[in-house]
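Structure record follows, encoded as structure tokens.
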Amino acid sequence: MASLKQILRKQAPQRRERVRRIVEERGQDVLAQISVAQAYGGLRGVRALVCDTSEVDPTRGLIVAGRPITELSDRLPEELFFLLCAGRLPTTAELHTLQQDLGRRAALPDDILPVLAAWPTESHPMRLFAVGVLALGRDSHFARGYAEGLPKDDYWEPLFEDVLDLLARLPTLAAAIYRLRFGKGSPIEPDRGRDWAAGFAHMLGIPDPTGAFAELMRLYLTVQCDHGAGDVSANACHAVASALADPYYAIAAALAGQAGPLHGLASQEVMRFVCGIRERFGGVPKDEQLRAYAKEWLEAGRVIPGYGHAVLRATDPRFTALHDFGRSHCPDDPLFQIVDRARGVIPQLLRDDGRASNPYPNADAVSGVLLHHFGLREASLYTVCVALSRSIGLLAQLVLNRIIATPILRPTSVSTERLESDLGR
Ligand code: CMX
């Protein structure tokens, strides 16, 4: 039975040939034109990137290997990693081999925790996460291989070793940050007998007598594993790696992007929003009360976290999958009930406001209250959990991009003065 690396090695020539042929035969075809408004408007809607792990459809959401994520939501995150890399799900034996490999790599080197402990205690967990990833990077196989003059076609092989090291160690690092940052006691060692998500839940140290927290973690980490290549974290990751910086720098850049409130930090912001509602009304408000609260929030110039999306134009299927889990596991939790009520009220409010292109909930609208329900109460860790999930897809993207030798990213910029002159103004 072949390992994932052997499968990728076999696929590599076909992947390169496929790209070579399309560029040779159709290289001059136009994919997109770009307007002045798009150049100033965050390149929204410009089809300018290729991503072979997944696509985001405006109404169907995340599509992996041609299948909507809801069809894959009962799979393990590491199965998704295999699928994103190889284009097919692993057999039971292949999954077992990958899990064994990740288990062997999961422990952190001894000198990483002291690096984290040296940071100010009030640091945001996302800052610590990025610092920890950068510190892990001193072991990069890719950086060593490059320095030793490895041939270009072979770059992806040591990079793949870095990717597996990262995939294995990110949950250990994230859980250690939780325990150190919030005074939960010493970090808990990885347990090789558990799958990737259950291992993370275990290392957080949150009591899970029924196993439902581990079950949530599997779903949570699976459904948010990838989202095309156009969002801030994927863009940042890709841009940094395209200069042949090692995957640790690329993932640290992605984490920095996730830390923004319009992106991954929205999951923490949702908690602030939902807890504010509970405090104001002493529990679950009536629709009218919730509408008034959200209106006030909007009028203060704030965005409603967990709503809207740059690409989606319907309720995010990741929201639906997580919301369904909440409905079956914690329907009586007041915070979940507020989220549930909000999804009936906020879309209309945003429609009335008239600005948002998409008034529907995204995954962040519900993910935090589920973690909260099972005892993960520190909302500033929620973005770490989102980023942990997204790292699965980003790591797969790094591998596929290096196999096809994606060149350094370098679009051309233009000044406003030049634009005005070109436009004859
Ligand atoms: N609440 C209030 N206003 C919103 C809004 C929301 N949830 N979503 C969009 N808008 C506003 C925008 O701020 C923008 O206002 P201005 O014209 O005054 O600048 C206007 O509507 C148009 O924005 P858009 O084209 O609909 O959305 P963008 O593609 O520019 O931005 C996003 C998308 C996600 C940043 C935005 O919807 C938002 O800020 N949502 C809340 C934060 C959030 O949930 N982020 C997580 C998204 C998932 C992820 O990527 O991680």
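Structure above, values below:
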item: Efficiency of FRET from Cβ geometry, R280 and L49, R₀ 41 Å, rounded to 0.05; result: 0.45
item: Distance in nm between pseudo-label sites at D153 and D29 (7 Å out along the Cβ direction from Cα); result: 2.7 nm
item: Region 266-379: projected area of the alpha-carbon convex hull, averaged over directions, in nm²; result: 6.5 nm²
item: Extension gain from Q100 to Q38, taking 0.36 nm per residue of separation minus the Cα-Cα distance; result: 17.7 nm
item: Listed residues A387, A12, A236, most fluctuating in the chain (Gaussian network, C-alpha, under 10 Å); result: A12
item: A243-R327 pseudo-label distance in nm [points 7 Å out on the Cα-to-Cβ vector]; result: 4.7 nm
item: GNM result for the chain, Cα springs below 10 Å: residue of G66, G260, G199 fluctuating most strongly; result: G66
item: Those lysines that a straight Cα-Cα span of less than 22 Å connects to K152, excepting residues fewer than 8 apart in one chain; result: K5, K10
item: Candidate lysines - alpha carbon under 26 Å from K286, same-chain residues fewer than 8 apart omitted; result: K295
item: Portion, in percent, of the accessible area of the chain that falls on carbon or sulfur, probe 1.4 Å; result: 51 percent
item: Surface accessible to a 1.4 Å probe, per residue, for the residues of the chain, Å²; result: 47 Å²
item: Burial ranking of peptide ranges 291-297, 30-36, 377-383 (average Cβ count within 10 Å, highest at the top); result: 377-383, 291-297, 30-36
item: Gain in span if fully extended, A93 to S123, counting 0.36 nm per residue against the direct Cα distance; result: 6.6 nm
item: Among L134, L350, L49, residue whose mean-square fluctuation peaks in a GNM of the chain (springs only between Cα atoms under 10 Å); result: L49
item: Dipole in debye (nearest 20) - region 270-425, about Cα centre, beta carbon charges: Lys, Arg +1; Asp, Glu -1; result: 260 debye
item: Distance between region 344-367 and region 156-215 - C-alpha centres, whole angstrom; result: 33 Å
item: Gap separating the Cα centres of region 376-419 and region 302-323, nearest whole Å; result: 20 Å
item: Theoretical gain in end-to-end length, R302 to R18 [0.36 nm per residue, Cα-Cα removed]; result: 97.6 nm
item: Computed over the chain, the ratio Rg/Rh where both radii use C-alpha atoms and Rh is Kirkwood; result: 0.97
item: Charge dipole (debye, nearest 20) of the chain; +1 at Cβ of Lys and Arg, -1 at Cβ of Asp and Glu; result: 400 debye
item: Rounded accessible area of E122 (nearest 10 Å², 1.4 Å probe); result: 130 Å²
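The values are calculated or read from the model by the stated rules, or taken from the named source; none is laboratory data. Not measured: the values here are computed from a predicted model. So basically every Cβ, Gly included, is an ideal-geometry build from the backbone, and we count neighbours across all protein chains shown. All accessible areas refer to the heavy atoms of the entire protein, side chains included, with ligands and DNA or RNA removed. Shrake-Rupley method; radii C 1.70, N 1.55, O 1.52, S 1.80 Å.
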